[in-house]
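Here's the structure, in structure tokens; my notes come after.
The values are calculated or read from the model by the stated rules, or taken from the named source; none is laboratory data. Here the structure is a predicted model, which is why all the values come from computation and not from measurement. All Cβ positions, glycine included, derive from the backbone under ideal geometry; neighbour counts span all protein chains shown. Note: accessible area is taken over every heavy atom of the protein model, side chains too, but ligands, DNA and RNA are not part of it. Shrake-Rupley method; radii C 1.70, N 1.55, O 1.52, S 1.80 Å.
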Amino acid sequence: WDNADFSRGVGTTYYQEFSTLNTAKPPFVRDVEAKVRRYMRSSYSAAWTLKITWEKAPVYSARPDTRKTITYQAVLTTDGFRSYILMLYQDRGMQWDYTRLADTNVLIGYT
């Protein structure tokens, strides 16, 4: 989530917390549970989930271009014992021009 620059008034960050230990689960949380079950091949019932969305995030660079933005999400979820993160990017949604970055040795992802 590095190198986004919201200081020029372009782009927005949203978050939504879902505490679902003893309450009915909204469709979003049920979808997260289904993804965790499918990808991790285990049973999973979320007790807490946090969705963070960076919408139309402009790049931080020496030569800023606020027309080329990206939208992405991180979803953190736990059942109280196990925790997961889903990192969601728009398909073909990376609009940042890496040649305009101060450092062009960049990666998208995590290890």
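Points worth noting:
- The residues in segment 9-27 that are of a type in the set (Ser, Thr, Tyr), in contact (Cβ under 8 Å) with a residue 24 or more places away in the chain and farther than 15 Å from LEU76 by Cα can be counted, and the count is 2.
- Pairs where the first residue, in segment 71-83, is within 14 Å of SER43 (Cα to Cα) and the second is assigned to a strand (DSSP E or B) and open to solvent by less than 40 Å² (accessible area, probe 1.4 Å), C-beta under 6 Å, 6+ apart: THR77/THR49
- Selection from segment 1-18 of residues that are in a strand (DSSP E or B), surrounded by 13 or more Cβ atoms within 10 Å (Cβ to Cβ) and of a type outside the set (A, V, I, L, M): PHE18
The rows are residues; the columns are (1) among the hydroxyl-bearing types (Ser, Thr, Tyr); (2) within 20 Å of LYS68 (Cα to Cα).
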position	(1), (2)
VAL10	no, yes
THR13	yes, yes
THR23	yes, no
PRO26	no, no
VAL29	no, no
LYS35	no, no
LEU50	no, no
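- The number of residues in segment 19-76 that are closer than 22 Å to TYR89 by Cβ and assigned to a loop (DSSP other than H, G, I, E, B) comes to 8.
- Checking the stated criteria, THR66 turns out not to satisfy the condition of being at pLDDT 95 or above, open to solvent by less than 80 Å² (accessible area, probe 1.4 Å) and not hydrophobic (A, V, I, L, M, F, W, C).
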